[in-house]
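Chemist: One structure, pasted below without further comment.
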Amino acid sequence: MINMLSRSDKSLVARWWWSIDKPLFKKIILLMFVGILISITAPNYNNEKVVGITTSINKKYLLFVLLGITTFLFFSFLNIKWIKRIAIFGGFALIITLILMQFIGIEKKGAIRWIQIFGFSVQPTEFVKPIFATFSALLFSAQYKNLKIPGIAMSFGLFITFAILFIIQPDMGQTILLTAIWVGQLFVVGLSIQGVLYIMLLVIIGIITAYLFMPHFQSRIDSWIMPDKNDTYQVDKSLQSFADGGWLSFKWGSGTNKYKIPDANTDFIFAVIGEEGGILFCILLITLFTFIINAMLKQVRKQDDLFIMLAILGIAIQFALQTAINISSTIGLIPAKGMTLPLISAGGSSYIGISMGLGLIIALTRRRDIA
């Protein structure tokens with residue numbers, strides 16, 4: 001139906017279609033479709049295959065996919081004015097939510113990262129990343145448009161506020177993502193070499209502090225550095241999955257290792273793909289991710305507006321780094337970290353949060369002469 005839209009059509013949908021980056025849009029839709037096919041074959045039911053639960057779990061996942069696609073399309077229609085409004089309102093709303101979560105949140109595996117809404121567990125940090133990227137970009141650009149506004153200082157304050165709230169949960173993985181977004185944007189607006197060195201020093205101090213005072217973080221690092229002396233069950237089973245899958249496999253839905261790996265449908269989904277699709281399929285999936293990231297970075301270089309440039313860059317950094325962390329931890333290149341693979345792993349908050357960010361990129365890159 002969309003292909004039938006004429007350039008002379010002045011309807012909202014027609015103007016949207018002819019103004020968006022269609023190659024990027026189609027790649028994102030393709031990744032969503034691949035994610036649906038993969039995730040419905042990767043359940044993890046306390047290491048037991050329970051057919052009765054499979055259908056209900058898949059229906060729940062498909063509900064999140066529907067909400068994610070709806071979110072993606074909704075945000076892709078927004079104009080710049082509304083994006084800025086949502087960034088400001090959403091930023092403050094999420095700060096309040098994260099504070100309240102320490103009192104009303106749900107504790108899982110020693111961390112308070114979820115709140116209960118209408119019977120669903122929601123992880124607010126997943127929505128912070130795209131909102132922070134746009135809010136921070138707005139503050140950075142404000143300083144360069146009006147020297148009376150201390151945008152850089154305000155952006156730093158926003159970053160520190162969210163970082164502290166993330167660490168309290170605790171969630172070092174999301175804190176690293178947030179730091180990468182802010183540093184990347186700061187680098188583009190003109191961070192000096194001296195500033196880079198200061199930030200690197202702070203990051204090193206932060207990692208050492210986390211290692212000394214956060215037992216969970218310490219155990220992950222120890223397992224990675226000294227695998228012979230620590231529990232490496234997840235990574236061992238993950239690597240076994242790739243070995244069992246070989247170069248090319250056609251075992252979709254019939255893999256066995258996914259019932260032995262904790263969090264096989266979320267943090268270790270890439271291992272399931274390795275067993276059931278083979279290494280070649282994994283390479284194709286990585287290639288698709290690379291194409292999407294490259295398309296985002298091309299759009300960064302095209303922009304003249306500093307706000308749009310920085311917002312796209314921030315979301316692109318989140319998407320790229322989250323992808324790299326998930327895949328790298330699955331194959332043992334870095335310590336295991338609870339990080340989902342964008343649009344592939346199960347998890348409603350993650351899926352909707354990623355969809356929000358990608359929708360914002362489509363909206364930010366629209367041709368203004370048509371939109």
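Chemist: If I go through the range 310-338 residue by residue, how many of them are aliphatic (A, V, I, L, M), in a helix (DSSP H, G or I) and more than 19 Å from L288 (Cα to Cα)? Lay out the reasoning, then the answer.
Modeler: Of the range 310-338, the ones aliphatic (A, V, I, L, M) are 310-313, 315-317, 320-321, 324-325, 327, 331, 333-334, 336.
Now narrow it down to the ones that are in a helix (DSSP H, G or I): 310-313, 315-317, 320-321, 324-325, 327.
Now drop any that are not more than 19 Å from L288 (Cα to Cα), which leaves 310-311.
Residues in the range 310-338 being aliphatic (A, V, I, L, M), in a helix (DSSP H, G or I) and more than 19 Å from L288 (Cα to Cα): 2 in total.
Chemist: Which members of the range 323-335 meet the condition of being surrounded by 23 or more Cβ atoms within 10 Å (Cβ to Cβ) and in contact with a helix residue (DSSP H, G or I) (Cβ under 6 Å, 6 or more places away or on another chain)?
Modeler: T323, T330
Chemist: Would you check which residues across the range 233-271 are under 23 Å from the mean Cα position of the chain (by Cα), farther than 18 Å from L333 by Cβ and in a helix (DSSP H, G or I) and list them?
Modeler: Across the range 233-271, the qualifying residue is only K258.
Chemist: Of all the residues that make up the range 272-281, how many are free of Cβ contacts under 8 Å to residues at least 40 places away in the same chain and either under 20 Å from S350 (Cβ atoms) or part of a loop (DSSP other than H, G, I, E, B) (or both)?
Modeler: 1
Chemist: Hey, another quick one. Which residue out of K302, K260 is surrounded by fewer than 20 Cβ atoms within 10 Å (Cβ to Cβ), under 25 Å from W18 (Cα atoms) and out of contact with any strand residue (DSSP E or B) (no Cβ under 9 Å at 6 or more places or on another chain)?
Modeler: K302
Chemist: Regarding the range 339-347, can at least one residue be identified that is in a loop (DSSP other than H, G, I, E, B), of a type outside the set (S, T, Y) and at positive phi?
Modeler: Scanning the range 339-347, I find at least one residue that is in a loop (DSSP other than H, G, I, E, B), of a type outside the set (S, T, Y) and at positive phi, so the answer is yes.
Chemist: Is it true that L98 is more than 19 Å from T340 (Cα to Cα), touching a residue at least 12 places away in the same chain (Cβ under 8 Å) and outside any helix (DSSP H, G or I)?
Modeler: no
Chemist: Now for a separate question. Under 8 Å by Cβ, and 6 or more places apart or on different chains, what pairs join a residue from the range 253-271 that is under 18 Å from G348 (Cα atoms) and of a type in the set (A, V, I, L, M) with one that is modelled with pLDDT under 75 and assigned to a loop (DSSP other than H, G, I, E, B)?
Modeler: Pairs that qualify, where the first residue is under 18 Å from G348 (Cα atoms) and of a type in the set (A, V, I, L, M) and the partner is modelled with pLDDT under 75 and assigned to a loop (DSSP other than H, G, I, E, B), are A264/A42; A264/P43; A264/N44; I269/A42.
The values are calculated or read from the model by the stated rules, or taken from the named source; none is laboratory data. Treat the numbers as computed from the prediction; the structure is a model and nothing was measured. So basically every Cβ, Gly included, is an ideal-geometry build from the backbone, and we count neighbours across all protein chains shown.
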